[in-house]
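S.K.: Got a structure for you, written out below as structure tokens; questions coming shortly.
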């Protein structure tokens, strides 16, 4: 298969849906020589922030001189964003080669009682196989959904990370924060220290119990004033605001104080993600004697970037893309916008997929907007655009419904004046359908000389699996 046919084959597996549980996936990996057993993994779960935290960890390790695989979920603009080595996307030729190699094993398994391999399982198998071929020093692996039954949970991690617990995927993960936390805490394993950014008492207690049962140390990351040194296994962070479009944060651990760290990823929530990443790096240092100097932490945090996370596409008017897809992410975005931008009007382009409750997202973001354009992604899991205003329980500003994402963005940009802000959000699937090149005037999210990078980009052929 060439790359196009490999992608078509992978996407054809979507019709089999999501199947939680790992017996089938473990059987597939065994046929492939168990590539995941060759990897030194940092495993990252959480409702929100796990992609950014994974990227921070990967770029820090890369800045320290290690070869790092990064597995992300989901992608925004390019499927190959999911599988990266030292910031380069997996080359098309290698992606096609690995899918072609794995396909016969999938077809053989489909004839057994284990049944059909899913799209996500194939993506994960390609990622593990790529990282094993590349002999990466570390693989930072983001969980797809939940944790306990997620396909990525076949790994034997060096460190387990749980960034946050919130209301999402309740149909599969549970209808209480404690139940959701128990699913995500399923990634906790013996001999792998745990780091969490969870602060809500109910889910935090669940994580503490899982760590205690596994017999592993737990580091808790909290947003607090850094006046008194924290107790053992606690990391505190302090937001220092935004300066010249860089988020500033200081972090105090039991080892040291990292003052005035600079982040390209904007928003107060990224302060927590950065602190969780630092705590994970220190846990890796303590448990496995990995050498990561402070300079690498500063460089990795400063230069990490991702598409669809408060991504500025252009100025005058400003076009901002953010994949906030649940109420907690919407609250983070709603808080970050006025802290980061000055604008006359905010024009909101909002679309969502099924599986995420629309009411909280719409109710959180609508009060910021002067005008809303409700839209929907082309993905089969799309939520019809008319469902969104109907779900709202707050008064809405003037709004219209334009199902096509490109047409909705064009309408918003044509409405906007130079000092307005257009925000496209609600789903990474919506963000991924924005014709970025058409509107781009701000500095693009692409690799730069001397910059450590994780995200979309087309220079991936410089590296191979």
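The values are calculated or read from the model by the stated rules, or taken from the named source; none is laboratory data. A quick note: this is a predicted structure, and the numbers were derived from the prediction, not measured. Positions of Cβ are backbone-derived with ideal geometry, glycine not excepted, and every protein chain shown enters the neighbour counts.
S.K.: Give just the number: which of (1) over 18 Å from the mean Cα position of the chain (by Cα); (2) in a helix (DSSP H, G or I); (3) modelled with pLDDT under 95 does residue 112 not satisfy?
M.R.: (2)
S.K.: Now for a different question. Scan (1) at pLDDT 95 or above; (2) part of a helix (DSSP H, G or I); (3) under 17 Å from residue 121 (Cβ atoms) for the single condition residue 43 breaks and write down its number.
M.R.: Evaluating residue 43 over (1) at pLDDT 95 or above; (2) part of a helix (DSSP H, G or I); (3) under 17 Å from residue 121 (Cβ atoms) leaves (2) as the failure.
S.K.: Still on this structure, please answer the following. On the basis of being at pLDDT 90 or above and exposed (fewer than 15 other Cβ atoms within 10 Å of the Cβ), does residue 448 make the cut?
M.R.: So residue 448 does not fit the description; no.
S.K.: Output the residues belonging to region 95-116 that are surrounded by 20 or more Cβ atoms within 10 Å (Cβ to Cβ) and out of contact with any helix residue (DSSP H, G or I) (no Cβ under 9 Å at 6 or more places or on another chain).
M.R.: The answer is none; no residue qualifies.
S.K.: Being modelled with pLDDT of 95 or more, crowded, with 22+ Cβ neighbours inside 10 Å and under 30 Å from residue 86 (Cα atoms) is true for just one of 409, 430. Which residue is that?
M.R.: After ruling out the rest, the residue left standing is 430.
S.K.: Further question: Which residues, counting only those in region 132-151, are closer than 22 Å to residue 47 by Cβ and either part of a loop (DSSP other than H, G, I, E, B) or within 14 Å of the chain's Cα centre (by Cα) (or both)?
M.R.: Within region 132-151, 140, 141, 142, 143, 144, 145, 146, 147, 148, 149, 150 meet the criteria.
S.K.: Out of 247, 270, I need the residue that is over 22 Å from residue 373 (Cβ atoms), under 20 Å from the mean Cα position of the chain (by Cα), in contact (Cβ under 8 Å) with a residue 40 or more places away in the chain and not assigned by TED's automatic domain parsing to the domain that holds residue 362. Which one?
M.R.: Testing whether each residue is over 22 Å from residue 373 (Cβ atoms), under 20 Å from the mean Cα position of the chain (by Cα), in contact (Cβ under 8 Å) with a residue 40 or more places away in the chain and not assigned by TED's automatic domain parsing to the domain that holds residue 362 leaves just 270.
S.K.: Considering only residues of region 68-94 that are under 16 Å from residue 124 (Cβ atoms) and out of contact with any strand residue (DSSP E or B) (no Cβ under 8 Å at 6 or more places or on another chain), which is surrounded by the most Cβ atoms within 10 Å (Cβ to Cβ)?
M.R.: 94
S.K.: Scan 240, 220, 282 and give me the residue that is farther than 20 Å from residue 328 by Cβ and modelled with pLDDT of 90 or more.
M.R.: Going through 240, 220, 282 in turn, just one is farther than 20 Å from residue 328 by Cβ and modelled with pLDDT of 90 or more: 282.
S.K.: Continuing with the same structure: Taking the conditions exactly as written (at pLDDT 95 or above and touching a helix residue (DSSP H, G or I) at 6+ places or on another chain (Cβ under 9 Å)), does residue 85 satisfy them or not?
M.R.: So residue 85 passes the test.
S.K.: If a residue counts only when it is under 17 Å from residue 371 (Cα atoms), which helices (runs of 4 or more DSSP H) contained entirely in region 387-436 have at least 1 such residues?
M.R.: 387-391, 405-415
S.K.: What's the number of the only condition in (1) closer than 20 Å to residue 59 by Cα; (2) buried (at least 17 other Cβ atoms within 10 Å of the Cβ) that residue 291 fails to meet?
M.R.: Of everything listed in (1) closer than 20 Å to residue 59 by Cα; (2) buried (at least 17 other Cβ atoms within 10 Å of the Cβ), residue 291 misses just condition (2).
S.K.: Quick one: count up the residues across region 345-384 that are at pLDDT 95 or above, out of contact with any helix residue (DSSP H, G or I) (no Cβ under 7 Å at 6 or more places or on another chain), surrounded by fewer than 23 Cβ atoms within 10 Å (Cβ to Cβ) and farther than 19 Å from residue 332 by Cβ.
M.R.: So the count comes out to 3.
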